[in-house]
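Colleague: Sharing a structure with you now.
The values are calculated or read from the model by the stated rules, or taken from the named source; none is laboratory data. Everything quoted here is computed from the prediction, not taken from an experiment. Ideal geometry is used to build each Cβ from the backbone, glycine not excepted, and the neighbour counts take in all protein chains shown. We work out accessible area using only protein heavy atoms, side chains counted, and drop any ligands, DNA or RNA first. Shrake-Rupley method; radii C 1.70, N 1.55, O 1.52, S 1.80 Å.
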Amino acid sequence: MLKVERLETGYGKKQVLFDIDLEAAEGKITAIIGPNGSGKSTALKSIFGLISVWKGAVNYKNKDITNRSTQANVKDGIAFVPQGNRVFDEMTVLENLEIGGFHLPKKSFQTELNKIWELFPELEKRKKQNSGKLSGGEKQMLALGRALINSPRLLLMDEPSLGLSPKLVTFIMNYIRKINHEFGVTVLIVEQKVREVLEVCHHVYSIKLGKIAYSGKPEIIKDDKDKLRELFL
Amino acid sequence: MLAQVLLNGLIAGSTYALIGISFGLIYMPTRFFHFAHGVVYAAGAYGTLAAISWLNLPLSIAVLVGVGTSTVIGLTIECTVYRALRRRSASSLVFLLTSLGLYIVLQNSISLFFGDYIQSIRIGAVEEGIDILGARITPAQILIVSMSLALTVAVTILLKRTKMGRAIRAVANDAELADISGINRDKVFFRTFAIGSALAGVAGILVAFDSDFCPTMGINALMMGVVAVIIGGVGSIHGIALGALLIGMAQQFGVWKIGSQWQNAIAFVILLIFLLFRPQGFLGKKVKKVTV
Ligand SMILES: Nc1ncnc2c1ncn2[C@@H]1O[C@H](COP(=O)(O)OP(=O)(O)OP(=O)(O)O)[C@@H](O)[C@H]1O
Ligand SMILES: [Mg+2]
C-alpha cells in the first residue's frame, strides 16, 4: 500500500532522516517505535507532504506521491493524525468534523458523520461544545474522527496515546485495532507505548538517530528486554 | 450638545468598524500586518471618483467601479507578492516591510494620477441633515452607520454559518492542522483578500461621501482600524465593532472636552491600556503558538 524507498529529509540544512526504507502492507497495522528525537514524526510528515522529501521516493497504491500536496493526499485517501491531540480548539466538535470532511458532498458527509457518532457516541453528546474544553481522551477521539470522516484507506498516526492514562491507552489501541479490522484501513502508527503497540501491530520498525534500526515481526522483540533496551538507547 | 457628541462618536466608530473588520478578516488567517490595506481602502474612494469625473458614470455604477478597484488591487497584491513570499517561507518582518513598501508605492501612484489636493464626492445636493433629538446627521452618515451595522452582521454570519467561513476560522485557529485536513490555504487567503478588500473599498467610498479626502486617507483610517482590532480581539467581529465604537466615542468626547488635536492620542492611550491590562482584547482568545 505504502512503500518508502531510501528517503532522506530534514529541516533547513539539518538532515534528520537517512536512507529510510519502510513499507505499510495493505490491511495491516505497521508501527514505528524509537527514542525521542529520532525522527519518527519527521518520517510521517515527509510521507504526508507536510515537509519536503530531499531524496528517495514515497509510493502509494503503486504511484509515486513524493512531495505531493497534503490536499491531494487527503483526496486520495490518506489521513494524518499529528502528535499531541491536535484539534481546532476554538471550534466546536461538529465544526472540527466538518473541516475534516471539507471536500465531501453534503449527502455523503451526513452518512460519514453518522458513522463517526456511532464509533464515538461521547462526541455526539458534545457536538455543539467548544473542542478546546474536551478532555485529552476526547480530543484524541475527535482528532481520529476528523481523520476518519474521509474514509481514508491509509491512516498515519503520530503517538495517539501521548498524555493519556494507561486505561485510555488500551482504549485507543482497541479503537485502532477496530478501525483496522472492521473498516480495513491500513495503519502506520508512531508510538512510544511500546508494549501496547506491539500487541496490536503486524510489523514493527524502529528508528534510531534517523536510521532504521530494526524491522520485523513484533513477536520477536516483544519479550526480548535486551533488544528493546538496545533499540531505545 | 451631548446628543451630538454621542452621534458623532457613533459615526466615527462606524467608519473605524468598517475598516477594522475588513483588516481583521484578512489578519485572522494570514497573521501579518497588511499595511497596503490602507491603499486598498483609498482605492475605493479614488476608483469611484475616477468613474464619476473621468468616465461620467452614474453614481451607482461608479460605486461598483470603486469596490472593484479595491478588490482587484487587494487580490493582485495577495496573488503576486504575498504568495511568492509564502513560498519562500519569508519571516513576518519581511512581510511587514514588503507591505509597507507596497503602501508607499501605491499611495504615491494615487498622488501621481489624481494630485495631492483634497477631493470630494458629492451625493446629491449639500443637505442640512436630519434632526434627531437636537443632533444632526446627514444622509451619508446614516448610510455609514447602517452599512457598518449590516456588514458586521453579514461578516459574522459568513464566518459562523458558511463553509468558507469555517475554512477561514480553521486556518486562523491552526494553519498546519488545516493543511493536514486538506484545506487549500491559498484558496482561503484568496477569498479573505477578496472579501476584506471589497469591504475596505466600501469603507473608503462611504467616508468619501461624508468628508473630503486626499491620497493619505488610508493611513489614519488603517491605524484606527488596527487599534479597533487589537482592542476588540483578533477573530471576534463583534469585538472589533465594539472596539471601534469605544474609540469613536472616546475621541468625540475628547474633541468636546479637550480639543480636536487629541483625537489620535486618545485612540493610542486606549490601545495602550488594553495592551497592558487585557492584551487579548474584549472578546478575543489568548494568542498561542503551535507546531507539530
Ligand atoms: N520544525 C523543526 N525544525 C527544526 N528541527 C526540527 C523540527 N522538528 C523536529 N526537529 C528536529 O528533528 C529531529 C527529529 O524530530 P522528530 O520530531 O521527528 O522526532 P520524534 O522521533 O518524533 O520524537 P518524539 O518521540 O519526541 O516525538 C529532532 O532532533 C528535532 O529537534
Ligand atoms: Mg514525534
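Colleague: Does A:Ile116 count as farther than 25 Å from A:Val169 by Cα and assigned to a helix (DSSP H, G or I)?
Modeller: No: the conditions fail for A:Ile116.
Colleague: Look at B:Leu112 and say whether it is more than 20 Å from B:Ala228 (Cβ to Cβ), free of Cβ contacts under 8 Å to residues at least 40 places away in the same chain and surrounded by fewer than 19 Cβ atoms within 10 Å (Cβ to Cβ).
Modeller: Values: more than 20 Å from B:Ala228 (Cβ to Cβ): yes; free of Cβ contacts under 8 Å to residues at least 40 places away in the same chain: yes; surrounded by fewer than 19 Cβ atoms within 10 Å (Cβ to Cβ): yes.
Criteria met by B:Leu112.
Colleague: Tally time: how many residues in region B:263-282 are farther than 23 Å from B:Gln252 by Cβ and surrounded by 14 or more Cβ atoms within 10 Å (Cβ to Cβ)?
Modeller: The number of residues fulfilling the criteria is 1.
Colleague: Considering only residues that are within 13 Å of ligand 2 (Cβ to nearest atom) and open to solvent by less than 80 Å² (accessible area, probe 1.4 Å), which ones fall in region A:1-36?
Modeller: A:Val16, A:Leu17, A:Ile32, A:Ile33, A:Gly34, A:Pro35
Colleague: Only one of these is away from chain A (no Cβ under 14 Å) and open to solvent by less than 20 Å² (accessible area, probe 1.4 Å): B:Gly259, B:Gly233, B:Gly182. Name it.
Modeller: None of the others qualify; the one that does is B:Gly259.
Colleague: Would you mind stating whether A:Thr30 is under 18 Å from A:Asp158 (Cα atoms) and at the interface with chain B (Cβ under 9 Å from one of its Cβ atoms)? Please lay out each step first, then the result.
Modeller: On the way: under 18 Å from A:Asp158 (Cα atoms): yes; at the interface with chain B (Cβ under 9 Å from one of its Cβ atoms): no.
No, not satisfied.
Colleague: Residue check, A:Val53 against (1) open to solvent by less than 40 Å² (accessible area, probe 1.4 Å); (2) in a loop (DSSP other than H, G, I, E, B); (3) more than 25 Å from A:Glu219 (Cα to Cα); (4) within 16 Å of ligand 2 (Cβ to nearest atom), all met but one. Which one?
Modeller: Failed condition: (4).
Colleague: In addition: Among (1) at the interface with chain B (Cβ under 10 Å from one of its Cβ atoms); (2) more than 16 Å from ligand 1 (Cβ to nearest atom); (3) open to solvent by less than 30 Å² (accessible area, probe 1.4 Å), which single condition is A:Ile65 missing?
Modeller: Single failed check for A:Ile65: (1).
Colleague: Oh, and also: Name the pairs: first residue in region A:40-58 and closer than 13 Å to A:Val81 by Cβ, second residue polar (S, T, N, Q), Cβ to Cβ under 7 Å, at least 6 apart or on different chains?
Modeller: Short answer, once both residue conditions are applied: A:Ser41/A:Gln83; A:Phe48/A:Thr70; A:Phe48/A:Asn73; A:Leu50/A:Thr70.
Colleague: Considering only region A:71-92, how many residues are within 16 Å of ligand 1 (Cβ to nearest atom), facing another protein chain (nearest Cβ under 7 Å) and open to solvent by 10 Å² or more (accessible area, probe 1.4 Å)?
Modeller: Residues of region A:71-92 that are within 16 Å of ligand 1 (Cβ to nearest atom), as a first pass: A:80-86.
Applying the additional criterion that residues be facing another protein chain (nearest Cβ under 7 Å) yields A:80, A:82-83, A:86.
Okay, now just the ones that are also open to solvent by 10 Å² or more (accessible area, probe 1.4 Å), so A:83, A:86.
Number satisfying all stated conditions: 2.
Colleague: Just checking, which of A:Lys45, A:Lys13 is farther than 28 Å from A:Met173 by Cβ and either within 14 Å of another protein chain (Cβ to nearest Cβ) or more than 14 Å from the chain's Cα centre (by Cα) (or both)?
Modeller: On the way: A:Lys45 fails: farther than 28 Å from A:Met173 by Cβ.
Answer to the check: A:Lys13.
Colleague: Just one of (1) buried (at least 16 other Cβ atoms within 10 Å of the Cβ); (2) in contact with a helix residue (DSSP H, G or I) (Cβ under 8 Å, 6 or more places away or on another chain); (3) charged (D, E, K, R) trips up B:Lys163, so point out which.
Modeller: Unmet condition: (1).
Colleague: Among the listed residues A:Leu148, A:Leu231, A:Leu154, identify the single one that is more than 14 Å from the chain's Cα centre (by Cα) and either buried (at least 17 other Cβ atoms within 10 Å of the Cβ) or among the aliphatic types (A, V, I, L, M) (or both).
Modeller: Of the residues listed, the single one that is more than 14 Å from the chain's Cα centre (by Cα) and either buried (at least 17 other Cβ atoms within 10 Å of the Cβ) or among the aliphatic types (A, V, I, L, M) (or both) is A:Leu231.
Colleague: For region A:1-50, which positions are away from ligand 1 (no atom under 12 Å from the Cβ), part of a strand (DSSP E or B) and among the small types (Gly, Ala, Ser)?
Modeller: Across region A:1-50, the qualifying residues are A:Ala24, A:Ala31.
Colleague: When residues of region A:93-112 are filtered for being open to solvent by 10 Å² or more (accessible area, probe 1.4 Å), in a helix (DSSP H, G or I) and more than 8 Å from every other protein chain (Cβ to nearest Cβ), how many remain? Even if it seems obvious, please write down each step before you answer.
Modeller: Let us first name the residues in region A:93-112 that are open to solvent by 10 Å² or more (accessible area, probe 1.4 Å), namely A:94-95, A:98, A:102-112.
Still in the running and in a helix (DSSP H, G or I): A:94-95, A:98, A:106-112.
Within this subset, residues satisfying the condition of being more than 8 Å from every other protein chain (Cβ to nearest Cβ) are A:94, A:106-112.
Residues that pass the stated criteria total 8.
Colleague: Still on this structure: Condition check: hydroxyl-bearing (Ser, Thr, Tyr) and within 14 Å of chain A (Cβ to nearest Cβ). Does B:Thr162 satisfy that? Step through it out loud before you land on a result.
Modeller: Values: hydroxyl-bearing (Ser, Thr, Tyr): yes; within 14 Å of chain A (Cβ to nearest Cβ): yes.
Considered against the rule, which asks whether it is hydroxyl-bearing (Ser, Thr, Tyr) and within 14 Å of chain A (Cβ to nearest Cβ), B:Thr162 comes out as yes.
Colleague: Scan region B:126-152 residue by residue and report those that are under 16 Å from B:Ala198 (Cα atoms) and without any contact (Cβ under 8 Å) to a residue 60 or more places away in the chain.
Modeller: B:Ala150
Colleague: I'm trying to understand the selection: among the residues of region B:170-194, which are farther than 18 Å from A:Ala72 by Cα and out of contact with any Ser or Thr (no Cβ under 8 Å at 6 or more places or on another chain)?
Modeller: B:Ala172, B:Asn173, B:Asp174, B:Phe190, B:Arg191, B:Phe193
Colleague: Which count do you get for residues in region B:256-272 that are within 20 Å of the chain's Cα centre (by Cα) and either among the β-branched types (Val, Ile, Thr) or under 17 Å from B:Leu2 (Cβ atoms) (or both)?
Modeller: Of the residues in region B:256-272, 2 are within 20 Å of the chain's Cα centre (by Cα) and either among the β-branched types (Val, Ile, Thr) or under 17 Å from B:Leu2 (Cβ atoms) (or both).
Colleague: Moving to a separate point now. Which residues, counting only those in region A:45-104, are under 13 Å from A:Val4 (Cα atoms) and among the charged types (D, E, K, R)?
Modeller: Residues satisfying the conditions are A:Lys45, A:Lys55, A:Lys61, A:Lys63, A:Asp64.
Colleague: Further, regarding this structure: Please verify whether A:Val194 is within 16 Å of ligand 1 (Cβ to nearest atom), touching a strand residue (DSSP E or B) at 6+ places or on another chain (Cβ under 6 Å) and at pLDDT 95 or above, treating the condition exactly as stated.
Modeller: So A:Val194 does not fit the description; no.
Colleague: Further question: For region A:113-137, name all the residues that are free of Cβ contacts under 8 Å to residues at least 24 places away in the same chain and open to solvent by less than 30 Å² (accessible area, probe 1.4 Å).
Modeller: Matches in region A:113-137: A:Trp117 only.
Colleague: Can you tell me which residues in region A:152-166 are more than 21 Å from A:Val58 (Cα to Cα) and touching a Gly at 6+ places or on another chain (Cβ under 9 Å)?
Modeller: Listed by number, the residues that qualify are A:Glu159, A:Leu162, A:Gly163, A:Leu164, A:Ser165.
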